[in-house]
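One structure is given below, encoded as structure tokens.
The values are calculated or read from the model by the stated rules, or taken from the named source; none is laboratory data. Not measured: the values here are computed from a predicted model. Heads up, the Cβs are rebuilt from the backbone with ideal geometry, glycines too, and the neighbour counts pull from every protein chain shown. These accessible areas exclude ligands, DNA and RNA; they are computed on the full protein's heavy atoms, side chains included. Shrake-Rupley method; radii C 1.70, N 1.55, O 1.52, S 1.80 Å.
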Amino acid sequence: MAGGAVVSTGAAKDYPGKLTLFVFFTCVVAATGGLIFGYDVVAATGGLIFGYDIGISGGVTSMDPFLKKFFPEVFRKKQASNKNNQYCKYDNQLLQTFTSSLYLAALVASFFAATVTRVLGRKWSMFGGGLTFLIGAALNGAAENVAMLIIGRILLGVGVGFANQSVPVYLSEMAPARLRGMLNIGFQLMITIGILAAELINYGTAKIKAGWGWRVSLALAAVPAGIITLGALFLPDTPNSLIDRGHPEAAERMLKRIRGSDVDVSEEYADLVAASEESKLVQHPWRNILRRKYRAQLTMAICIPFFQQLTGINVIMFYAPVLFDTLGFKSDASLMSAVITGLVNVFATLVSIFTVDRLGRRKLFLQGGAQMMVCQVVVGTLIAAKFGTSGIGDIPKGDAAAAVVVLFICVYVAGFAWSWGPLGWLVPSEIFPLEIRPAGQSINVSVNMLFTFVIAQAFLTMLCHMKFGLFYFFAGWVVIMTVFIALFLPETKNVPIEEMVLVWKSHWFWSRFIADQDVHVGTNHVHVQTKLAAA
């Protein structure tokens, strides 16, 4: 592995490869779980279990029978209607723990998942996650007390931690470089489909007169869990993982199969082998990830998921029915408004799928950030006008303000769904070299889950105390994260994962952390002798 070249990202190789019938077939197998998208969506259904949970929790916590059985104090405050402060009627730490406990469990599980992913392969990490999620769904559906609910949620969290750790890495490793962005976003697409499915189910089960609709909503999480559990048994493992675990012949066969039998994969395969050989020199990936030459990747793996949660999206996705109910929408109207935002979420994610490898990551990040910031300011201002600081008020049926609130929340969701939503998973999954990839993805997932937990646990209390200012709070964070992307994230589209170091070496800031000897371009000792622009 020779090094020492000063390089530019424009010189990165594009290995030959195409979307094969084999890859498409695995997608058809996964079609039972949702929308077919031309890649390994059976893997991306890991996002389906995550998305279903995000969408389901807010719906059941707005259902009166659920609240009456498990959270009677919240039920009594809700029944007081608009006589009390609307901002505070759902403020209850135990209710927030029901939602947030999953994400704390996912945080812890992601570290164990890193070892499983590296030692046994990506597919078995997905299988373990799906099976645990399946058990948690059954426990939640049969819950008779808060303890059963929270234990079930913890098991769901273990499943989410394993799936979220392994699925984005799996997709990035299987995808041809020029299609990696589009295909990796299959994970985010499944998250949005899971959210939409949950919101539609909540809308239907809320109408069950006997009051057990919430059980159906929670138990149906077993459907996406079953899909990824069974689907993982039929998934091939990635060439990267096979090489890393000592199966070079199987890896070469798999690479030919996924790239096409008529495609010359010798150069890509040689680079994968070289990357694996170098990775085996790294005995302690958790220690090595702290090395100076990985400073850029480590920073992104921490900052991107941190910022993703501070967009405020989980305020909408976790608590959409609760939020709309708080804003004065009636029960059916609040659930329907949540369904509308779910539909927008799905279709906007499709926009990202078809533009991410053309426009690139940076443009979508920057445009989406500006769009979200404007929407949050508008929604915060409208809420301030209707409820003020007292929180006493209502949005009457037919009031134009209701339509405007829903409109701008939808525009906000669209901005997130084609930027920070999918790219928050895509970019960290594609920037790490093989030797520290599982550790890097674990950091990405754990930071994401940590701040998802914090937001889920604190949101209803923050809404009670910050009132409409909460939307300005998130808008301020969106400004900060958009500036961060503009300054520090280079464009990573169309760059093979094994040559991602070229991107960082040519960046105005991160190049200072990477020595010339750390830059390797393939195994054929091909050096890219391109000078950097003077800037």
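Summary of values
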item	result
Any chance Gly152 is of a type outside the set (Phe, Trp, Tyr), at pLDDT 75 or above and over 21 Å from Ala232 (Cβ atoms)	yes
Positions within segment 65-114 being among the aliphatic types (A, V, I, L, M), modelled with pLDDT under 85, more than 21 Å from Asn202 (Cα to Cα) and open to solvent by less than 20 Å² (accessible area, probe 1.4 Å), in sequence order	Ala113, Ala114
Test: residue in segment 461-480 that is over 23 Å from Val379 (Cβ atoms) and either at pLDDT below 90 or crowded, with 21+ Cβ neighbours inside 10 Å (or both)	no
Selected residue (only one of Val377, Val405, Val346, Val411 is surrounded by fewer than 19 Cβ atoms within 10 Å (Cβ to Cβ) and under 24 Å from Leu200 (Cα atoms))	Val411
Residue identified as within 30 Å of Val273 (Cβ to Cβ) and either among the aliphatic types (A, V, I, L, M) or outside any helix (DSSP H, G or I) (or both) among Ile195, Ile201, Ile243	Ile243
Residue check, Ser446 closer than 22 Å to Trp504 by Cα and among the small types (Gly, Ala, Ser)	no
Of residues in segment 115-132 being open to solvent by 50 Å² or more (accessible area, probe 1.4 Å) and part of a helix (DSSP H, G or I), the one farthest from Phe432 (Cα to Cα)	Leu131
Flag if Phe234 is aromatic (Phe, Trp, Tyr) and under 19 Å from Gly51 (Cα atoms)	no
Verdict on Ala301 being part of a helix (DSSP H, G or I), modelled with pLDDT under 90 and small (Gly, Ala, Ser)	no
Per-region count, segment 133-174, residues open to solvent by less than 30 Å² (accessible area, probe 1.4 Å) and in contact with a Phe, Trp or Tyr (Cβ under 7 Å, 6 or more places away or on another chain)	11
Long-range neighbours under 6 Å by Cβ, at least six apart or interchain, first residue over 17 Å from Ala232 (Cβ atoms) within segment 108-123, second of a type in the set (Gly, Ala, Ser)	Ser110/Gly161; Ser110/Ser442; Ser110/Ser446; Phe111/Ser442; Ala114/Ala439; Ala114/Ser442
Yes/no for Leu48 being closer than 30 Å to Ile258 by Cβ and modelled with pLDDT of 90 or more	no
Check on Ser110, of a type in the set (S, T, N, Q) and farther than 26 Å from Thr461 by Cα	yes
Cross-chain or 6+ apart pairs with Cβ under 6 Å, segment 285-300 first and open to solvent by 30 Å² or more (accessible area, probe 1.4 Å), then part of a helix (DSSP H, G or I) and modelled with pLDDT under 95	Trp286/Ala439; Arg292/Phe513; Lys293/Asp518; Arg295/Phe513
Flag if Ile185 is open to solvent by less than 10 Å² (accessible area, probe 1.4 Å), of a type outside the set (D, E, K, R) and touching a residue at least 24 places away in the same chain (Cβ under 8 Å)	yes
